[in-house]
């Protein structure tokens, strides 16, 4: 039996015809950049997230870097970043010329909390990027209290947590901006790259939109040193189709996670925990195992796909040699022990039971 880590034909199986019809519709319109589909998606995604504005961009990384640039964060500034996040979070900070300051996460949820923020604060700290990692909301009350106390911007990295809630409120609505990725494997994924920024600040939304359109306020008039980062019409149209199904897909993921949590009994496997007053949309089902490499190979030998998120901590990445980033202990622990089990829409009962049985027999 084969259970891949992700299976895109299964993920889109029940909406295949809708997707094909939308592709044909956009193709037949003959307008592929800055058109009706992107405008409609921005409106619908803003409404879905209970915010006033949404700006479509090319990638999740661009969503972060354009937001930082719009907030005028740059050379000489410091930004607090979780030590165990995907490298895109740090790269966005480096891209605007600011300095990455790593903070180890909470040891239960693997997410940023108030822990460690005070120790990393300096007169140069300008912003915090809490990452709602693996699909679970970060500890936003503690983070927002700290940010307000020290007059810091909050740029939420929502790339893995579309639809997650903290105290009944959507993630991406607490900080100055919420930054989303629509990479194909995300809970809301395009059929290519894509991203978006959400905010209640009209001025900020306007600046981000202009920065992503060559810094242009109107055609051939360039107020900002911008770039080319726009969500294209085909991806926007396909995302509109998938957005209508996102809530039911998140419910499916929660059902799969519940089965894993109840069924996996192996004492060598540390299961993920959900913090109080929040929801998890299970973009990733991350377990910890001190014999991770052997577990990975054992599952691979039985046809089960897994991925490590992430096997090399940011501080140990070659591109950050010479930056003096601290090698924090819990980031090292996660890099050495984390393994993600299969989690995708369209998994069958047989798939789930096969994975559970294999993990329990390890």
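Observations, loosely collected:
- Top-ranked residue in segment 275-287 [being in contact with a helix residue (DSSP H, G or I) (Cβ under 9 Å, 6 or more places away or on another chain) and over 16 Å from residue 340 (Cα atoms); ranked as surrounded by the fewest Cβ atoms within 10 Å (Cβ to Cβ)]: 277
- Residues satisfying the stated conditions in segment 92-105, i.e. over 18 Å from residue 326 (Cβ atoms) and either outside the structural domain of residue 138 (by TED's automatic domain parsing) or touching a helix residue (DSSP H, G or I) at 6+ places or on another chain (Cβ under 6 Å) (or both): 92, 95, 96
- For first residues located in segment 14-34 and within 17 Å of residue 244 (Cα to Cα), partners that are surrounded by 13 or more Cβ atoms within 10 Å (Cβ to Cβ) and at pLDDT below 95 and lie 6+ apart or on another chain with Cβ distances below 7 Å form the pairs 19/12.
- Within segment 67-90, the set of residues being part of a helix (DSSP H, G or I) and within 18 Å of residue 152 (Cβ to Cβ) comprises 67, 68, 69, 70, 89, 90.
- Residues located in segment 205-229, provided they are buried (at least 21 other Cβ atoms within 10 Å of the Cβ) and either at pLDDT below 95 or part of a loop (DSSP other than H, G, I, E, B) (or both): 212, 229
- Matching residues, segment 207-232, being at positive phi and under 28 Å from the mean Cα position of the chain (by Cα): 214, 215
- In segment 45-66, residue farthest from the chain's Cα centre (by Cα) [restricted to those that are assigned to a helix (DSSP H, G or I) and over 21 Å from residue 98 (Cβ atoms)]: 47
- Test: residue in segment 273-291 that is in a helix (DSSP H, G or I), without any contact (Cβ under 8 Å) to a residue 40 or more places away in the chain and more than 23 Å from residue 188 (Cα to Cα): no
The values are calculated or read from the model by the stated rules, or taken from the named source; none is laboratory data. Predicted model, so just to flag it, every value in this text is computed and none were measured. Positions of Cβ are backbone-derived with ideal geometry, glycine not excepted, and every protein chain shown enters the neighbour counts.
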